[in-house]
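Inspection log for the structure reproduced underneath, given as structure tokens.
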Amino acid sequence: MKTIKEVAHQFNVTYDALRYYEKEGLLAPIQRDAQGRREYSTADLDALTKIVHLRALGASIADIKAFSALFQQADITPESYDTGIAFLQDLDHQLGQRIAAIALQKDFLTKKIARLQAEKARLSSTSEQTD
């Protein structure tokens, strides 16, 4: 069992975010100790891992609720899997677009650094020649 402080640190989220995820039903009600402090179980941490990853990928709270609901039904259907797979594929596509945009920025920076280094080298060699 982990405290809210340990869990917040482990997942790099705020206490408020953890309470909000519980309030919104993304996390099952968290067990409490005798003093009323939250105690997070391994199952809670597994659920939180999914939530944190999906949020980082751009999923909204509503998206995560809908995705989770697909696999909490008593009778999971092939359509449930199709919907879940489509959702994850959409997140994957969005992530690919963000990676491509970041790659462009990385390329820009690499070229800019190389250009400035070349200009500096020319300036240094010119000043050495005039000495």
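Of Ser68, Val52, Val7, which is farthest towards the positive pole of the range 1-77's charge dipole, taken about the Cα centre with +1 and -1 on the beta-carbons of Lys, Arg and Asp, Glu respectively?
Val7
Looking at the range 32-114, which chymotrypsin sites (Phe, Trp or Tyr not before Pro) are DSSP coil and have at most 12 other C-beta atoms within 10 Å of their C-beta? Walk me through the intermediate numbers first.
Numbers: sites: Tyr40, Phe67, Phe71, Tyr81, Phe87, Phe108; in loops: Phe71.
Filter output for the range 32-114: Phe71.
Quickly estimate the mean residue ellipticity at 222 nm for the chain, helices only: each DSSP H run with n ≥ 4 gives -39500 (n - 2.57), and the total goes over all residues, rounded to 500.
On the way: 5 runs with 95 residues, N = 131.
Computed mean residue ellipticity for the chain: -25000 deg cm²/dmol.
Please determine, in degrees from 0 to 90 and to the nearest 10, the orientation of helix 61-70 with respect to the longest principal axis defined by the Cα atoms of the chain, where the helix direction is its Cα long axis.
50
Under a point-charge model restricted to the Cβ atoms of Lys and Arg (+1) and Asp and Glu (-1), what is the dipole moment magnitude of the chain relative to its Cα centre, in debye to the nearest 20?
The dipole magnitude comes to about 560 debye.
Send over the per residue convex hull volume for the chain, Cα only, as a whole number of Å³. All intermediate terms of the calculation are to be shown ahead of the outcome.
Working: hull volume 20.8 nm³, N = 131.
That works out to 159 Å³ per residue.
Does the range 1-72 come out rounded, prolate or oblate, given a ≥ b ≥ c as the square roots of the eigenvalues of its C-alpha gyration tensor, rounded meaning a/c under 1.5 and, failing that, prolate meaning a/b above b/c? If you can, show how the numbers build up before the last one.
Numbers: a/c = 2.04, a/b = 1.56, b/c = 1.30.
Judged from the Cα gyration tensor, the range 1-72 comes out prolate (a/c at least 1.5, a/b above b/c).
Which of the lysines could a cross-linker bridge to Lys50, judged by Cα under 18 Å and excluding same-chain residues fewer than eight apart?
Lys2, Lys23, Lys65
Among Ala66, Ala47, Ala118, which one moves the most in a GNM of the chain with springs linking Cα atoms closer than 10 Å?
Comparing Ala66, Ala47, Ala118 in the GNM, the peak value goes to Ala118.
Taken together, the values in this text are just the output of simple stated rules run on the coordinates, not laboratory data. Everything numeric here is computed off the predicted structure, so don't read it as measured data. Cβ coordinates were reconstructed from backbone atoms using ideal geometry, including for glycine residues, and neighbour counts include every protein chain displayed.
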